[in-house]
Amino acid sequence: MDLISTTAALEDACARLAAQPFVTVDTEFMRETTYYPKLCLIQMAGPDGTAVLVDPLAKGIDLKPFLDLMADEGVVKVFHSARQDLEIIWLMGEILPHPFFDTQVAAMVCGYGDSVSYEQLVNDVAKAKIDKSSRFTDWSRRPLSDAQLAYALSDVTHLVKVYEKLAGELLRTDRGAWLDEEMGVLISPETYRADPALAWRRLSGRMRKPREIAVLMEVAAWREREAQARNVPRGRILKDEAVIDIATAGPRSVEALGRLRTIPAGFERSRTGTEILAAVEQGFARDLSEIRLPERARRSGGGNGALVELLKVLLKAVSENEGVAPKIIATVDDLEAVADDDEAEIPLLQGWRRALFGEKALALKHGRLALSAEGGRIVVRALDQA
């Protein structure tokens with residue numbers, strides 16, 4: 001389990017893996033104290049038994065052979081819960097692996113449940129156990145222990161069997177196309193471009209007032225720029241709760257900022273406090289006619305609560321019957337959108353999701369479908385066939 005620490009050794013390993021139909025990939029990284037992840041280890045394995053560990057912290061190593069392999073169209077790159085790994089690869093060279101396969105997404109399509117863990121998949125598919133004691137160790141320290149290396153290698157060696165099983169199941173059920181949309185999001189550069197102008201979206205929640213959204217846009221963008229420039233977590237600059245409080249209260253003076261419960265004492269008189277107040281003023285200066293409320297805030301939400309609950313029951317019944325995780329079919333936001341609008345522009349009312357569940361959801365909404373409990377299970381029945 002020696003670490004590859006030279007460019008020549010990495011070139012040789014990547015050449016061997018490039019001859020395989022697929023390669024499993026994982027990374028270990030640290031980001032508790034940084035905005036950008038610090039890559040500490042790369043693991044790869046192929047179906048021929050090749051398995052390698054790469055030390056990206058080794059002095060003088062050039063990771064270009066790894067990036068070339070990730071861009072090789074002749075090799076499927078297999079990850080589990082890939083989003084953070086793909087972010088790292090994007091930051092390294094502004095490329096994203098293709099063709100690409102995420103076993104967590106595939107497992108949801110194959111009925112293993114919502115966001116199934118790698119350990120559970122390995123247990124169910126590869127019939128193996130993983131020692132997780134090294135998961136939260138410091139991967140930046142050298143030398144790495146044998147336990148760390150063994151754990152890291154198991155993240156890709158067992159993944160070979162998991163991929164082969166899931167790929168076979170998707171072929172058998174003809175559900176491969178169901179993954180395309182989810183995979184498309186994961187391999188879109190837009191997913192990994194941390195644009196400060198869009199930082200407000202993750203905090204907007206159910207805000208309904210354009211003025212609050214306007215202030216949120218400016219304060220969240222300021223915080224994101226600060227975090228990026230200083231390479232520290234967002235929370236080190238300003239906690240989420242504080243950003244939301246500022247957007248809601250809209251303080252326009254040092255005294256008003258200091259009165260907010262989420263602002264530490266004296267913070268309002270610092271340079272940071274001055275910059276926050278400047279961001280608030282920029283929010284107040286925005287043209288409110290250009291502010292587009294979040295989708296959930298735009299919905300009426302009046303009187304649809306019971307219908308949404310019925311749709312949740314229907315979703316559970318359909319997912320159990322079809323062997324698909326509910327999460328990949330529809331979110332609560334999707335159900336709320338259907339309850340409010342038959343023509344909502346959401347994935348649920350398009351493609352395979354509409355055929356599998358969307359049409360049933362609309363039928364239930366309009367009284368053409370009934371739900372009943374029989375033998376401890378929910379039964380879905382079309383009323384015109386009752």
Which loop-located trypsin sites (Lys or Arg not before Pro) does the range 167-201 contain, where loop means any DSSP state but H, G, I, E or B and the Cβ has at most 13 other Cβ atoms within 10 Å? 193
Tail fraction, Cα-Cα pairs, the range 89-198, threshold 22 Å, whole percent: 48
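Of the heavy-atom accessible surface of the chain (probe 1.4 angstrom), what whole percent is carbon and sulfur?
Values: 9450 of 19070 Å².
So the carbon and sulfur contribution to the accessible surface is 50 percent.
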How far is the Cα center of the range 39-89 from the Cα center of the range 217-237, in Å? 29
Protection proxy ranking, peptides 230-239, 70-79, average beta carbon neighbours within 10 Å, highest first: 70-79, 230-239
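Counting other Cβ atoms within 10 Å, which chymotrypsin sites (Phe, Trp or Tyr not before Pro) in the range 90-187 have at most 13 and lie in a DSSP loop? Before the final figure, lay out each step's value.
Numbers: sites: 90, 100, 101, 112, 118, 136, 139, 151, 163, 178; in loops: 112, 136, 139.
Listed in order of number, the matching sites are 136.
Report the relative contact order of the chain, percent, no decimals, based on alpha-carbon pairs under 8 angstrom and at least 6 residues apart.
Numbers: 555 pairs, mean separation 54.0, N = 386.
With pairs under 8 Å counted, the relative contact order is 14 percent.
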How large, in Å, is the range 2-155 by the Kirkwood hydrodynamic radius built from its alpha-carbon pairs? 16.1
hull vol. (C-alpha, convex hull) per residue for the range 53-114, Å³ -> 100
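Efficiency by 1/(1 + (r/R0)^6): what FRET value for residue 343 and residue 248, r their Cβ-Cβ distance, R0 = 25 Å, to the nearest 0.05? Please list the in-between numbers first.
Details: r = 32 Å, r/R0 = 1.29.
For R0 = 25 Å, the calculated efficiency reads 0.20.
Report the extension gain between residue 350 and residue 190 in nm, rounded to one decimal, defined as 0.36 nm multiplied by the number of residues separating them, less their alpha carbon distance. Mind showing how you got there, number by number?
Numbers: separation 160, 0.36 × 160 = 57.60 nm, distance 2.19 nm.
Full-extension gain reported as 55.4 nm.
Rounded to the nearest whole Å³, what is the per residue volume of the convex hull around the Cα atoms of the range 196-267? Before the final figure, lay out each step's value.
On the way: hull volume 6.2 nm³, N = 72.
Here the figure is 86 Å³ per residue.
Give the ranking of 341, 102 by solvent-accessible surface, highest area first, calculated with a 1.4 Å probe.
Per-residue accessible area, sorted high to low, gives 341, 102.
Looking at the range 312-358, which GluC sites (Glu not before Pro) are in a loop (DSSP not H, G, I, E or B) and have at most 12 other Cβ atoms within 10 Å?
Working: sites: 320, 322, 336, 343, 345; in loops: 343, 345.
Qualifying residues, ordered by number: 343, 345.
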Report, in deg cm²/dmol and to the nearest 500, the calculated mean residue ellipticity at 222 nm for the chain, where each DSSP H run with n ≥ 4 adds -39500 (n - 2.57) and the sum is divided by the residue count. -13000 deg cm²/dmol
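Write down the accessible area per residue of the chain in Å², having rolled a 1.4 Å probe over the full set of protein chains. Before the final figure, lay out the partial values.
Numbers: 19070 Å² over 386 residues.
Normalised by residue count, the accessible surface of the chain is 49 Å².
How big is the dipole moment of the chain about its Cα centre under a simple scheme where the beta carbon of each Lys and Arg is +1, that of each Asp and Glu is -1, and everything else is neutral? Debye, nearest 20, please.
Numbers: 50 positive and 59 negative charges, 263 e Å.
Roughly 1260 debye, rounded to the nearest 20.
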With each label point set 7 Å from Cα along the Cα-Cβ vector, what nm distance links residue 383 and residue 36? 5.9
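Per residue and in Å³, how big is the convex hull formed by the alpha-carbon atoms of the chain? List each step's numbers first, then the result.
Working: hull volume 70.4 nm³, N = 386.
With only Cα atoms used, the chain gives 182 Å³ per residue.
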Could you check the spin-label model distance between residue 6 and residue 177? Points 7 Å from the Cα along Cα→Cβ, value in nm. 5.1
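The values are calculated or read from the model by the stated rules, or taken from the named source; none is laboratory data. Just so we're clear, the structure is a prediction, and the values are computed from it rather than from any experiment. So basically every Cβ, Gly included, is an ideal-geometry build from the backbone, and we count neighbours across all protein chains shown. These area figures cover heavy atoms from the full protein model, side chains too; ligands, DNA and RNA do not enter into them. Shrake-Rupley method; radii C 1.70, N 1.55, O 1.52, S 1.80 Å.
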